[in-house]
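Here is the structure we will look at, set down as structure tokens.
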Amino acid sequence: MIDPITKDKSKIYKKIELLVKTKGTQSQYKLTYENSAMLISGNFIIIISLKEGHQEGEIYNLDDIKSYRTNLEKIVL
């Protein structure tokens, strides 16, 4: 079986960085995901990673994201 995240290799990045706003304050923090895919749909950003043979996703509201950056070097599997 082909894992869904590895099926479309064009969406897998070596590194994805999110700058997330902290609610109620002016501060922010950075989250880093490696060898992951990213999808923006509606008002959400979805980060998909493989963990122990399973696909795992994190969903963030775009209102909570100050910025994002992807490593333009894509993973070749």
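FYI, it's all coordinate maths here, none of it is from the lab. Quantities reported herein were computed from a predicted structural model and do not represent experimental measurements. Every residue, glycine among them, receives a Cβ derived from its backbone with ideal geometry; neighbour counts consider all protein chains shown.
Some observations on this one:
- Loop-located chymotrypsin sites (Phe, Trp or Tyr not before Pro) in region 16-51 whose Cβ has at most 16 other Cβ within 10 Å (DSSP): none
- Couplings 3J(HN,Hα) of region 26-43, computed from phi: 8, 7, 8, 9, 10, 10, 10, 10, 10, 6, 10, 10, 9, 9, 10, 9, x, 10 Hz, in residue order, whole Hz [Karplus 6.51 cos²θ - 1.76 cosθ + 1.60, θ = phi - 60°; x for Gly and Pro].
- For residue 44, residues with placed amide H under 5 Å, excluding near neighbours: 62
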